[in-house]
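Enquirer: What follows is a structure written as structure tokens; I'll ask about it next.
Any read-out appearing in this document is the output of simple, stated calculations on the displayed coordinates, not a laboratory observation. Everything quoted here is computed from the prediction, not taken from an experiment. Positions of Cβ are backbone-derived with ideal geometry, glycine not excepted, and every protein chain shown enters the neighbour counts.
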Amino acid sequence: MIFKENCSIKHLIKKPYVENFKSSPIFLMIHGYGSNEKDLFFLLEKDLPKNFFVISLQGIYTKEFDKYYWYDIDFSYGKKIFDVVQMKNTIKKISNFLDKVTKKYQCNNVWLCGFSQGAILSYAIALSHPQRIRKVIALSGNIETGVLHSNDRNQHDYQYSRIEFFISHGKYDTIIPLNLARDSIEFLKEKKISKSSLYYKEYESGHTLDDLNYKDLINWIKKKCI
């Protein structure tokens, strides 16, 4: 495990136990608002396949000590208002980071795994660059169509045919309400994502990754590696 600072975004990495990285999926983790790069990393890395190249990003804005985020959220008007400019800049920055990583290690098998704000960004990156992303794991998040360019919203359906999704959400989530997750599923169905490529399940939980959700996620990951 190494913490890298000499790149566009600070991150933790765990290299795979193989000599040739070309056959290793890049598993990119994007944490939620007010968390850090160690959150998903230490939760998941012990159960991920050994051939995965694991990278966990640190948010580019600081909330307080050891707590970071990807874009501002304004709660002062009684509802969440996102800083769209920051969101778009962050999407671009993470996409550029991926460009550097895939070029350096000559690997084009990219998996995105995000929680909450990280899930929103994972969706946006995948829908903006469908030719580059193989798997999307969206935990307690939703698709924000407002940050997608018109050409992203209207890309031909075949552009998304290679992406597979694992999507989970708590039924009692008060941070990102369940209806937003369901709206995201409908958006993906409109893009003709096949049933075999779209795993969606609702859990008896709030805005969190509970034990059953975690178990289902690890099983899905291992199944998709076969």
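Enquirer: Mind checking which aspartates and glutamates have their Cα closer than 12 Å to the Cα of residue 10? Skip sequence neighbours fewer than 8 apart in that chain.
Expert: 37
Enquirer: Cross-link list 15/67; 15/104; 189/223: which exceed 18 angstrom alpha carbon to alpha carbon?
Expert: Details: 15/67 25 Å; 15/104 13 Å; 189/223 22 Å.
As for pairs spanning more than 18 Å Cα to Cα, those are 15/67; 189/223.
Enquirer: So which helices of the chain fit the span-like rule, where a helix is a whole DSSP H run, its Cα atoms reach 24 Å or more along the axis, and its mean Kyte-Doolittle is at least -1.0?
Expert: Values: long enough: 84-105 (31 Å, -0.49).
TM-like helix candidates: 84-105.
Enquirer: Would you please classify the overall shape of the chain from the alpha carbon gyration tensor, given that a ≥ b ≥ c denote the square roots of the eigenvalues, rounded means a/c under 1.5, and beyond that prolate means a/b larger than b/c while oblate covers the rest? Spell out each step's value before the answer.
Expert: Numbers: a/c = 1.27, a/b = 1.14, b/c = 1.12.
Rounded, because the longest to shortest axis ratio a/c is under 1.5.
Enquirer: From the residues 96, 203, 180, which one has its Cα farthest along the dipole of region 2-224 in the positive direction, the dipole being from +1 and -1 charges on Cβ of Lys/Arg and Asp/Glu about the Cα centre?
Expert: Of the listed residues, the answer is 96.
Enquirer: Exposed loop sites here are GluC sites (Glu not before Pro) in DSSP loop states with at most 13 other C-beta atoms within 10 Å. What is the longest stretch of the chain lacking them? Intermediate results must be reported in sequence, preceding the final value.
Expert: Working: sites that count: 5, 19, 204.
After excluding every exposed loop site, the longest remaining stretch is 20-203.
Enquirer: With an 8 Å Cα cut-off and a minimum separation of 6 or more residues, compute the relative contact order for the chain in percent.
Expert: On the way: 423 pairs, mean separation 36.4, N = 226.
Averaging sequence separation for qualifying contacts and normalising by length gives 16 percent for the chain.
Enquirer: Test of the criteria: in region 75-137, which chymotrypsin sites (Phe, Trp or Tyr not before Pro) are in a DSSP loop and have at most 16 other Cβ atoms within 10 angstrom of their Cβ?
Expert: 75, 77
Enquirer: Could you tell me the distance between the Cα centroids of region 179-200 and region 69-134, to the nearest Å?
Expert: 19
Enquirer: Just from its helices, what would the mean residue ellipticity at 222 nm be for the chain, if runs of 4 or more DSSP H residues each count -39500 (n - 2.57) and the sum is divided by every residue, rounded to the nearest 500 deg cm²/dmol? Mind dumping the intermediate values first?
Expert: Numbers: 6 runs with 73 residues, N = 226.
Taking each H run of at least 4 residues, the total per residue is -10000 deg cm²/dmol.
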